[in-house]
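Notes follow the structure.
No lab work stands behind these numbers, since they all come straight from the coordinates. Here the structure is a predicted model, which means the values were calculated and not measured. Positions of Cβ are generated from backbone atoms using ideal geometry, with glycine treated the same way; all protein chains shown enter the neighbour counts.
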Amino acid sequence: MAGQSFLPEARAAISHASRARRSARMALGLESGELQIATVTSVAAGILPSVLRRWQELHPSIEVSLSEYLHRRLLDDGVRAGDGDMAVGSPPRSWDGPIERLGWEEFVLVLPHGDPMLHKRSVSLGDLADRRWVHFASGHGL
């Protein structure tokens, strides 16, 4: 029982130690290394490609790897467990650290012909509360 409770923290400690070693080497100006990014799937597909393309132009010898999560809560849990050197996604409510905005995601609303909302430039989620939705599978972050 005690060992099972200890295991997640031990794994996180090992992950943090590896990341600290990489960070120290990068701070000393070494020409190669690895950057591990934890993110949600929609950001990995929508925002990160152009950001990572630019990163690779500036740092061609730094290898980048992604850990993708279907939901922000899962991303939060993964980061707490030591996954990633950095996280890219919406910040947790309790976050008070630095934030660098990389882009934004646009959501599109598809409505039937003749719907009164078709003429609105934007729609609040409250306006859609009583409507039927077609969306991602249950448990998906979006």
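For the reader, a short list of remarks on this structure follows.
- For the range 41-142, the Kirkwood radius over C-alpha pairs fed into Stokes-Einstein at 37 °C and 0.692 mPa s yields D = 196 µm² per second.
- Separation between Cα centres of the range 43-77 and the range 101-128, rounded to whole Å: 27 Å
- Distances between placed amide hydrogens fall under 5 Å for residue 35 paired with 63, 64, 65, all partners being 5 or more residues away or on another chain.
- Cα convex hull volume per residue for the range 56-102 (Å³): 105 Å³
- Compared with the direct C-alpha span, the chain from residue 127 to residue 64 gains 18.6 nm at full extension, assuming 0.36 nm per residue.
- Net charge contributed by nearby residues that have their C-beta within less than 14 Å of residue 72 (K/R +1, D/E -1): -2
- For the range 66-78, 3J(HN,Hα) computed residue by residue from phi via the Karplus equation (6.51, -1.76, 1.60; θ = phi - 60°) reads 10, 10, 9, 10, 6, 9, 4, 4, 5, 4, 4, 5, x Hz, glycine and proline entered as x.
- 3J(HN,Hα) couplings calculated from phi for the range 47-63 with the Karplus curve 6.51 cos²θ - 1.76 cosθ + 1.60 (θ = phi - 60°) are, in sequence order, 9, 5, x, 6, 5, 5, 4, 5, 4, 5, 5, 7, 9, x, 9, 8, 7 Hz; Gly and Pro show x.
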